1. So if we plug the beta-carbon distance of residue 89 and residue 46 into 1/(1 + (r/R0)^6) with R0 = 41 Å, what FRET efficiency do we get, rounded to 0.05?
2. Can you give me the C-alpha center-to-center distance between segment 93-140 and segment 48-68, rounded to a whole angstrom?
3. Work out, step by step, the length gained on full extension between residue 125 and residue 78: first 0.36 nm times the residue separation, then minus their alpha carbon distance; give nm to one decimal.
4. Sorting check: for 54-62, 30-38, 88-96, which peptide has the highest mean count of neighbouring beta carbons within 10 Å, and how do the rest follow?
5. Within segment 77-109, what residues put their amide N at less than 11 Å from the label point 7 Å along the Cα-to-Cβ vector of residue 68?
6. Set the Förster radius R0 to 41 Å, insert the Cβ-Cβ distance between residue 57 and residue 105 as r into 1/(1 + (r/R0)^6), and round the FRET efficiency to 0.05.
């Protein structure tokens, strides 16, 4: 990416704005021989570079504590505001805090009756099904031309 008034280096890349993608281009544009060569090259390359487990930089008691925390279902690890790092909260407290600080704000959110909520869910489903239908038609039309 090149930003105006900047050298060609990638100095304006903002990692927080980048979303990693697993997309790969479709292979139908490549000849079978070229595809076979690429596959063989990657297999050979992978054979030369075996994944090794790196040595942990945690102390043994830190590693034990981390493993214990990872197995607990009653806690969540959340990102703090203002890049202050991580915090560990009880799952119930986290849910109550989210409700109290965000969802229970009457100026931002409107409380719906069960009927109103079901109507809105139906509207969203109809929108999604309509969008899916339009997308399917456009893909079918694109493939037939």
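Quick note: the coordinates plus some simple rules give every number you see, no bench work behind them. Quick caveat: nothing in here was measured; it's all calculated off a predicted structure. Neighbour counts run over all protein chains shown; Cβ positions are idealised from the backbone, glycine included.
1. Computed FRET efficiency for residue 89 and residue 46: 0.50.
2. Result: 41 Å between the Cα centres.
3. Length difference between fully extended and current span is 13.8 nm.
4. 88-96, 30-38, 54-62
5. Taking a point 7 Å out along Cα→Cβ of residue 68, no residue of segment 77-109 has its backbone N under 11 Å.
6. For residue 57 and residue 105, the calculated efficiency is 0.50.
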